[in-house]
Structures are given as C-alpha cells and as structure tokens.
1. Can I get the semi-axes of the protein assembly as shown's equivalent ellipsoid? Compute them from the C-alpha gyration tensor as square roots of 5 times the eigenvalues, in angstrom, largest first.
2. Out of the DSSP beta bridges found with both residues in chain B, what percent are antiparallel (nearest 5)?
3. Pairing the Cα long axis of helix B:74-86 with the longest principal axis of chain B, what angle in degrees results, from 0 to 90 and rounded to the nearest 10?
4. If you fit an axis through the alpha-carbon atoms of helix B:2-17 and take the longest principal axis of the Cα set of chain B, what angle between them do you get, 0 to 90°, nearest 10?
5. For every helix of n ≥ 4 consecutive DSSP H residues, a contribution of -39,500 (n - 2.57) applies; sum these over chain B, divide by its total residues, and give [θ] at 222 nm rounded to the nearest 500 deg cm²/dmol.
6. Given just the C-alpha atoms of region A:2-256, how large is their convex hull per residue in cubic angstrom?
7. Sort B:246-258, B:276-288 by packing, meaning the average of other beta carbons within 10 Å per residue, with the highest value first.
8. Between Rg and the Kirkwood Rh of region B:116-240, both from Cα atoms, what is the Rg to Rh ratio?
Amino acid sequence: MLTKHAARLALVVLAAVPVAVLAQGEPCARPTSLVASFGLTQSDRADAAINGSQYQGRGPQLSVGAAANVRSICIEAFATGGARYLRPVGGGFGSERILEGRAELSVLKPVAWSSDNRATLAVGLSAQVTATNTRHAFGDASGVSKYRLGVGSLGPAFDASYRAMGGRLFAGASIPLVSVVDHPYVAVSSLDPMAGLRVATWSSLRGGNVDLGYERPLSRLVTGTVAYQVNGIRYDDVRPVRTLSQMLTFGFRLTRPTERR
Amino acid sequence: MMKHRTFLLGAAALAVTACADPTLVAPADKSYAALFDQMWHETDLTYSMFDVKRVNWDSVGAVYRPRALAAQSDFAFARVLSDMLSSLHDRHVSLTPGRGAMPLTYQAASDYQPLDFDSTLVERAYLTRRLSAATVPHLDAGWLSATVAYIRFPSFVGNDWGGELDAALDSLRSATQLVIDVRCNPGGNYELALDLAGRFTDQSSVFGYVRIRNGPKHDDLTDPIAETLRPTGKRQFNGTIYLLTNRRVFSSAENFALALRQLPNVVTVGDTTGGSSGRPVTRELANGWTYELSTWIEYTTDHRVLEDAGVAPTVVVPRGSSGNGAGKRDAVLDRVLALAATRG
C-alpha cells in the first residue's frame, strides 16, 4: 500500500520535471541547513507479543534534522521522538505508554531537475532506525509488562520538490528492503536483553516512510516548514506487529545566506 | 501577509490529511470459542515447560475445547480455562477472570498440608531486641542469642527495598552468625531477591542457568543463560549463614535459596523448597481476562531442572517435628541454634 503510494508520488513528480535537466547550480532540493520542528503524532499499534489488539494515541513530537550538499550528493539526516499514551480501539483492554524514536540518514543523488531548479528529483539509499518501548498496563489492573520493538533497515529512497506558492513543496519516501528486528518473543527480560534479534527481508517486513512538506522563506535566514509524515511497519512473524505513525510538525530551517534557493 | 496566509493554508491542508484513523487489525472475536482458541494458542506459543511437565498440549486442547464451548456462563467458562491451565501442574500458571477477581491457580497436594512454620512463635519464643518495623517494614529482624542474629524475609514483593537490609545488617553488625529465614516466602521480584542475596557475598558467582522460550516450537529455547549473584549493598555479611527453607518457598525465594546455598559460608536447614521456577509473563485475552504463563526453565549449576524438584537443604529437619500446643517449638530453629552453639 505504502509502496504503491510512493511510486505514484514519484511518477507525478517525474512528470513535472522538464526534459532539459542539465545542471545549473546545485541540484539538491534542500540547502545545507539545520531544521527543528515540533508537532503532534498519532500512533496506532497492534503487537501480538502484547495481545494483538490495536492501541491508539496522540502526543507531542520533537524533530531535528540537517541537510548537506556534498559534491552534488544530498545528505539528509533526521531524528524524531515522542512519548504517547495509547488507548485500545476496537474493544480491547488495558492501556499503553510508549516512548518512540526514529532516526534516518539518506544519501541521495539528484537524477532530474529543471533548468531553474523549479522541480528536482533525487534518488538514493536510506538507513533508518526505529525504536519503541512499550509499557503495557493490563485491563484488570494486575500489573504492567514491558515490550520493545527495534527496527534497523536499509532501502531505497527518493526526494522530490517543486517550487510553488512562494515556497517549495516536498515529497519523499523510503522503503526498508533489509531489516534487523529486535522484538523479544515475550515481555522484555533482564536476562536476555537482545534475545529477539532477527533479520527480516521485504517478505516479512514491509513498510515505509512517506514525507510531504511545504517550506517557505520567512526571512533571509529562516524558512518556515510544515510537514506531514506517515511511517508504517508490517512485520509478519510468530508475533506479528502492525504500526502506523502519522506526524504533523511545524518548524524552522536555518540556512546560510549563500545556500538560499 | 499574503505569504503567511498561503503558508497557513498549506498547513491546514496537511492537518486535515493527518486526521486519518486507520484500522490495523480486525476487532477481536470475544466468543467462547475464539477466547479458548486464543488462550490455547498463546499458551502453545509461550509456555516453556511442556517437555518438563510431560504434557501433550494438543490432547489437552482437544479435551477442553468442547467443554469451553458448552459453558453456560462466564464463571463456568473460567473454570474450564482454569482446569485446562491446571493440567500443566505449574504454580506460575494462573487465570484472573476479570478485574478484581481472585486468580485461579494450580494447587499441588503439598499446598494443602498444614503449615510447619509459625512466624509468631519465632517472634514470641526466640527473637529478642527486634528491630523496629518502622525501620525495616519488609523484614523481621532481631537476635536469637548474643552472637546469632536473625533476619526473615516474608516475601520478595516490591522494588528497591535493599536499603532496609543494609540498615538491618548495620544494626546487627556485631553478629558472628546469621540466620536467614525464607520459610513460607512465596517469592515476588526476581531482581529484588538477587539484589538482597548480594548482601551475603563479596564476589560474583554463577548459581544457575535459565533457558527462555524464544520460538513457536515447544523446544525453542535460548541457550543456557547464566544467573549470576553479584555483591550488592553497603556491607556484605561474611560470617556463617544458616538459610532456613521449607516446602512453601516458591519462585524468586527459591532463586534466593539457590543463589545462597552455593556460597561456602552458607548452611541450608529445613525442608526442600516448593520447586516452582517458571518466571511468568502476563497475557491478556480479548475479553480483558489475564493469565500467566511460565517462560523459562531454570537449572542448577549441575544442569538439573529446578521445577518440581526444588532446592534441597544440607541439614534436613523433617516436617512435623515441631510439636503442638503450649510446648510447641520451632524444630528448624532449635536445630540451627544447636549448630550455631557448636560453632561458637
């Protein structure tokens, strides 16, 4: 589902890029810059290691990132985290408190851009690490158990941008092709801290990250950003996991004056 | 102004998009059949000691499923589920059928035998200069003689009260011999038990091994993981220790006994512990009922299974040797005092 969505986005952007794509200036969509943003995330999770029911909740989210343009290679780093209180949906029981974090490093090569950099497209690789600690309180108040899900993955990524409405629209996506999953078979134990470590390929772990954003210069150095990100994991194992996080953030990008585009 | 309006419009558009409310899994079926299947399947995936207990779980499921489907009430259904779990003969396996309900737990025949330990008798007839309960609320501590101190751990429930033991050891620091009484201790927090045990050793040592269930097959277990006792606390007691145990010592109290008995300065006295060692996790049914399942197999340092065998004492004091009525004595404590006297 996410893959199809990402592919569709890529086609739309490709269609917007003129055929004449020879370089004029730096083709990375984002200038060398630092970005910080704050927003709200909705998390939906169903982890069969806990009980298989779906839990949902919203909470604040803090993100920081950096972009660099090194010899026409676009390097983008991004880290985000937040804590949330989740309640059951669909008639489940209990409640959960989660601490969730994600970090991503993308190395992208511009492959198409218009002569005035109005539209750009870059493709490359993305490495991601996602970690979630869950504290599950049982519905009968009998106690709590702790669970963990960690995913480190590597896969293709793309990033596209289009100058419009006095700013720039962005669309990006990354997909995990190979992953290492830390998902303890039962609740977290002090005696086997990494007992749940497994390698997962696309056949057992599917997912992706889709990023839609809009950035607009607010002053000479500062650009305002708004972004909507969807991050999902479908992990098929003896204890399957489904997660979907939707994040809406607002922030600022600090740019060197010479980097403005 | 126009610029900002456009920016806000874009933000609003994204905010609307962000309101998606996904369904990741179908709502759970809460029929008796579905609940039974959920519990049977989860137990099949999680329980660690099918081979130790020699239980054919498929057969158990075939026997109890028709009974579960025929149940006419939640109470009757809970009884069927509890009976099914009881076929595992494991005290760490239980069902709690709803908020506030009493857990339905397997009881072994020995659990119905009369208690051979009376803590009030110890307090009345043996203990002097007791430490204040306000100082050490989780312990019962004092003196048995001028040089023999006594500390009883009624349970290992709770977290982080090792400081109380530090305070007790500080008050009893002139003792040359120490009696540690865990009789009738049902267990509690494994990490706490080992933290407390660390006050009685000044060097690390392996006292057992565990293999943790880690896959769908009944014999999917980790390689043996060493359980290590490490020194903890402000001071460690290095004199002679008498550790008192009986048949009502379970779970983390048995881990405590297993950890201490291998120390060169420890003599275990009394009866064999209950043999209940499974490290339970709580699972949750779609109707909110919870149940607990053992997740590991624990072994002694010579790789013998602890479950159902227990920790045997080095000095055995048979059950029922304490007498009755006004002349009732604590035979285990009498034996310890005799041993302590010979050691000066």
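A short reminder: the numbers here are calculations on the coordinates, not readings from a lab. Keep in mind it's a predicted model, so treat the numbers as computed, not measured. As a convention, Cβ positions derive from the backbone with ideal geometry for all residues, glycine included, and neighbour counts pool all protein chains shown.
1. They are 60, 28, 20 Å, listed from largest to smallest.
2. Roughly 60 percent of the DSSP beta bridges within chain B come out antiparallel.
3. 60
4. For helix B:2-17, the angle is close to 70 degrees.
5. -9500 deg cm²/dmol, from helical runs alone.
6. Output value, Cα hull per residue: 128 Å³.
7. Going by the mean number of other Cβ atoms within 10 Å, highest first, we get B:246-258, B:276-288.
8. 1.06
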